[in-house]
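One structure is given here, and the rest of the page talks about it.
Nothing in this text is a laboratory measurement; each read-out follows from the coordinates by a stated rule. The shown structure was predicted, so the numbers you read here are calculated from the model rather than taken from an experiment. So basically every Cβ, Gly included, is an ideal-geometry build from the backbone, and we count neighbours across all protein chains shown.
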């Protein structure tokens with residue numbers, strides 16, 4: 001007996017293929033969402049570290065210029081030096097020490113407490 005050569009694939013094979021693809025996609029979504037969240041957090045923490053470094057460098061510079069350790073005022077720290085040029089529209093700076101990461105709404109808040117002390121806080125918007 002000779003078998004007839006079939007062209008294409010059967011409907012049952014297509015249904016099985018789409019079911020397997022659906023299951024694989026559904027199982028990968030939580031991992032993907034977690035990865036995206038971690039990426040956003042890393043961007044916020046990187047910005048936090050850049051601001052912190054800038055504040056410390058500015059205060060150290062004040063020691064070399066006037067001999068006194070002075071942290072900068074909120075309006076003296078701007079994001080133009082920190083924001084990655086490949087992603088310039090992801091951060092807003094209100095000019096008073098608050099930076100907002102637009103994709104998630106996370107904020108970094110800087111405030112000068114006194115001449116030689118400051119506060120730098122990350123507020124995650126969950």
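Brief remarks on what is shown
- Paired Rg and Dmax values of the chain, which use every Cα atom, in angstrom: 26.2, 100
- Using R0 = 30 Å, the C-beta based FRET efficiency linking residue 26 and residue 124 works out to 0.65.
- Length gained when the stretch residue 94-residue 114 is fully extended (0.36 nm per residue, less Cα-Cα span): 5.1 nm
- Percent RCO, i.e. relative contact order, over the stretch 11-123, from Cα pairs under 8 Å lying at least 6 residues apart: 20
- Helix 11-66 axis versus longest C-alpha principal axis of the chain: approximately 10°, rounded to the nearest ten.
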